Amino acid sequence: MGLSIGIRGAGVAGLSLAHEILQAVPGAEISLFDVRERLPHPARTFCFFDSGVSPLPVEADHSWSRVAFSGPEFSRSLRCDTAPYTLIRGDRFFGAMLREVESRGARCVWGCARVDVQEGGISAGSGTERFDVVVDAAFSPNESRPILWQSFAGMWVEAGEDRFNPNEALLMDLGSSSNESPVSFVYLLPVSARRALIEHTTFSRALQPAPWHLAQCARWAEGAGLTGFSVLETEQGGIPMGLPAPSGGSARAGSGGGALRASTGYAFASIQRQVRAMALEIARGAGRDLAARPMRVFPRWMELGDAVFLRTLARAPEQGSVVMGRFLSRAPERELVSFLSGEAGLWAALKVMACMPKAAMLRTLCWG
């Protein structure tokens, strides 16, 4: 018999980990357990800067070699051809990954009333199944206590004539700040001259309702002169920003295992890096050590800087647009892209952070 691996959760992290293990450990026997029904296709997209460090598990739907940022007092467009901004649709990702891992023998157990991870085993209903390696790749955002929430909803639209530039993505058009939402912005991701995703996002104290976000999308589109389009579908979600570091217990992968970038909410690309490293550890026989040695994704200095940034927004919410606008408008182009992608070294990150309001950041460092 081959090496047996039990995985709790068949989301992005669980499926990506199974995919990587099946490549690194031929003959591995993988079982995934999930409380959801088969094919959990979320109506959402995964976006990230693709630095090429980790090959994508599925082909991207679209990528942009330029990204734009704007606000009440600035507007700039940056080249990002060395790390193009990339979009993968959730339905395509889950469909392709499930077909691939199941075709290679992985067993998926869906609709479990409850899934519990134990040392050396997974309990999902009657009894406990034992495995050589057990990884917890499940994550429930609603059970977390973040510093802030990233709350969003958007709509895929199609115009009757050419209206969009599919070569450039507008990542942030900053709006005004409030006590409840330090940061508010719209982004526009055109995938063709006639089709695009318009999404409204806030960094908020609490999750905001999807209808409110969608109303902000419609208002922004009208103000931008984007009228006469049809809404094809909508998406929504919430991402916890600034979670406690994972501790002890079982081996963890994905957002619950530290792969969620606190300051941006990006997780997809970092999950791919994390699970590839975990699969290599399992391949060399160190899978049982993963629980005692959590697989860090970001350096400690980056985690500290992200926490200071988020606490600054939480302490002075009405200055959120000023904080964001300062570094988005002033940071050097190459360093800003690498900082947002999570690939920046310490020196590059310091050059970006130097553009933020220093008084507010120092107050956060001194008084927490």
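Where a number appears in this text, it was derived from the coordinates with a stated rule and is not lab data. Since this is a predicted model, take the numbers as computed values, not measurements. Ideal geometry is used to build each Cβ from the backbone, glycine not excepted, and the neighbour counts take in all protein chains shown.
Among the residues of region 61-70, those identified as within 21 Å of the chain's Cα centre (by Cα) and among the polar types (S, T, N, Q) are Ser63, Ser65. So in region 71-129, with the set limited to residues that are within 25 Å of the chain's Cα centre (by Cα) and of a type in the set (Phe, Trp, Tyr), which one is nearest to Ala224 (Cα to Cα)? By that ranking, first place goes to Tyr85.
Checking each residue in region 25-77 for being exposed (fewer than 15 other Cβ atoms within 10 Å of the Cβ) and not in a loop (DSSP other than H, G, I, E, B) picks out Phe74, Ser75, Ser77.
Can you pull out the residues in region 200-233 that are crowded, with 19+ Cβ neighbours inside 10 Å and of a type in the set (Ser, Thr, Tyr)? Correct list: Thr201, Thr202, Ser204.
Across region 1-24, what is the total count of residues that are not charged (D, E, K, R) and not in a helix (DSSP H, G or I)?
10
Residues that are of a type in the set (D, E, K, R) and either over 20 Å from the mean Cα position of the chain (by Cα) or within 30 Å of Ala169 (Cβ to Cβ) (or both) within region 1-33 comprise Glu20, Glu29, listed in sequence order. Selection of region 299-344 for residues being surrounded by 17 or more Cβ atoms within 10 Å (Cβ to Cβ), of a type in the set (D, E, K, R), touching a residue at least 60 places away in the same chain (Cβ under 8 Å) and part of a helix (DSSP H, G or I) yields Asp306, Arg311.
Taking the conditions exactly as written (assigned to a loop (DSSP other than H, G, I, E, B), surrounded by 20 or more Cβ atoms within 10 Å (Cβ to Cβ) and of a type in the set (A, V, I, L, M, F, W, C)), does Ala279 satisfy them or not? No.
Of the strands (runs of 3 or more DSSP E) that lie entirely inside region 122-235, those containing 1 or more residues that are under 30 Å from Asp34 (Cα atoms) span 128-130, 133-136, 148-159, 195-204.
Say whether the condition of being touching a Pro at 6+ places or on another chain (Cβ under 8 Å) and hydroxyl-bearing (Ser, Thr, Tyr) is met by at least one residue in region 38-58. No, because not a single residue in region 38-58 is touching a Pro at 6+ places or on another chain (Cβ under 8 Å) and hydroxyl-bearing (Ser, Thr, Tyr).
The residues listed here are Ala83, Ala43, Ala28; of these, the one that is over 30 Å from Trp220 (Cα atoms), in contact with a helix residue (DSSP H, G or I) (Cβ under 9 Å, 6 or more places away or on another chain) and small (Gly, Ala, Ser) is Ala28.
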